[in-house]
1. Go through the stretch 142-173 and give me each residue that's surrounded by 15 or more Cβ atoms within 10 Å (Cβ to Cβ) and of a type in the set (Gly, Ala, Ser).
2. Being under 30 Å from Ile178 (Cα atoms), part of a loop (DSSP other than H, G, I, E, B) and modelled with pLDDT under 85 is the filter here, so list the residues in the stretch 87-109 that pass it.
3. Report whether or not Pro125 is within 18 Å of the chain's Cα centre (by Cα) and surrounded by fewer than 18 Cβ atoms within 10 Å (Cβ to Cβ).
4. Taking Val76 and the conditions (1) within 25 Å of the chain's Cα centre (by Cα); (2) surrounded by 19 or more Cβ atoms within 10 Å (Cβ to Cβ); (3) without any contact (Cβ under 8 Å) to a residue 60 or more places away in the chain, which numbered condition does it fall short on, given that it satisfies the others?
5. How many of the residues making up the stretch 277-310 are of a type in the set (Asp, Glu) and modelled with pLDDT under 80?
6. Have a look at Thr81, Thr63 and point out the one that is of a type in the set (Val, Ile, Thr), exposed (fewer than 14 other Cβ atoms within 10 Å of the Cβ) and part of a helix (DSSP H, G or I).
7. Could you list, in sequence order, all residues of the stretch 251-269 that are modelled with pLDDT under 80 and loosely packed, with under 14 Cβ neighbours inside 10 Å?
8. What pairs can you find where one residue is in the stretch 36-59 and in the same structural domain as Phe126 (by TED's automatic domain parsing), the other is of a type in the set (D, E, K, R) and assigned to a helix (DSSP H, G or I), and their Cβ atoms are less than 7 Å apart, with a gap of 6+ or different chains?
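The values are calculated or read from the model by the stated rules, or taken from the named source; none is laboratory data. Note that the structure is a prediction, hence the values are computed from the model and not measured. Note: ideal-geometry Cβ built from the backbone for every residue, glycine included; neighbour counts use all protein chains shown.
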Amino acid sequence: MLALDKNPAAIPPLLSIFILSAAALAYEVLLIRLFSIVHWHHFAFMVISMALLGYGASGSFITVLRSRLLHNYDFVFITSTVLFGVSSIVCFIVVQQLPFNALEILWDSSQWQRLLLTYLLLTLPFFFVANAIALSMMAYHRKIALIYAVDLIGAGIGALSVMLLLQYFPAVTLLSVIALAGITASLFALPGTGYRQKRAVAALLMLCMLAVLLIPQKWLTLHMSEYKGLAQTLLIKDTALRLSHSSPIARTDVVQSPLVPWSYFASNFYHNVYWYPFVGRHRVEEALKTRWGQHFQQYGDGEVVMPGMEKKTVIQAVAGLTILTALVGGLYWLIKDKKKTAAK
């Protein structure tokens, strides 16, 4: 710390800070997306409070151990960046194993404990990244403006980059990318010490990167809430998920099920053959007689499309009922014929 104070020409690890800031903001945005998929988008906003908690805890930690941390700045900075990269993916894997369900939190007290554990685990990556950046500002206090500028630029680019990458890569894949970015940031911060020591530290960091790459894909599989629509749909017999695509704002899942054509036919038959002609049409006519209905008819050309039977649906209904009748009749005939044969 003293050596850095007395040397105005000392240059902080700007490239490492840039990568670290970009990875931290990308991780925050990615967690919001992951929580939206696993739970619901309302639940995702707690990620912001996790990040703030991590940065706040880091400030308290540095305040208590300031002198000791600054005296070992190089070691603490590299350790913090590596721990950010490793914890960003490991903590999420552990959280995935927690049987947390937001819908049960009102009547199951154990859900509060799981929520607290989720908070503590996902706060750790932000705690480590805050340690690295805050200590850099303290160690190079003459260059706070430069460090802060690099931090903000990195954060902005990281937030935009993850939104772009989410268009082309699954969210869980980007977890590995962010973890690797955190470890890579530490490579650019290796101090100018002896060649052997620097080589040993670099080899250790490469092993950490290799460990991230070798994480089994099944560990990163998202465990979606059992109450979400997709999870409920996959419980139907012979239903399979054929294709899944996630973007920054939505996720599209293509599901194959033998019951889907029948459910579509039943829904179409009910609404277009029964409900619209015999129930809906009367309600629309009554609604058009009201004051608001008269205002509604003044829009556009004033023509209101009345509910009624669709020719295509009627044909499908008649054909379906004919086939069903034939099948039932044939089955009845086979059973009756079998009984006669057995009686003889």
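1. Matches in the stretch 142-173: Gly154, Ala155, Gly158, Ala159, Ser161, Ala171.
2. Within the stretch 87-109, just Asn101 meets the criteria.
3. Spelling it out, it is not the case that Pro125 is within 18 Å of the chain's Cα centre (by Cα) and surrounded by fewer than 18 Cβ atoms within 10 Å (Cβ to Cβ).
4. (1)
5. 3
6. Thr63
7. Pro258, Leu259, Val260, Pro261, Trp262, Ser263, Tyr264, Ala266, Ser267
8. From the stretch 36-59, the pairs are Val47/Glu28; Ala51/Glu28.
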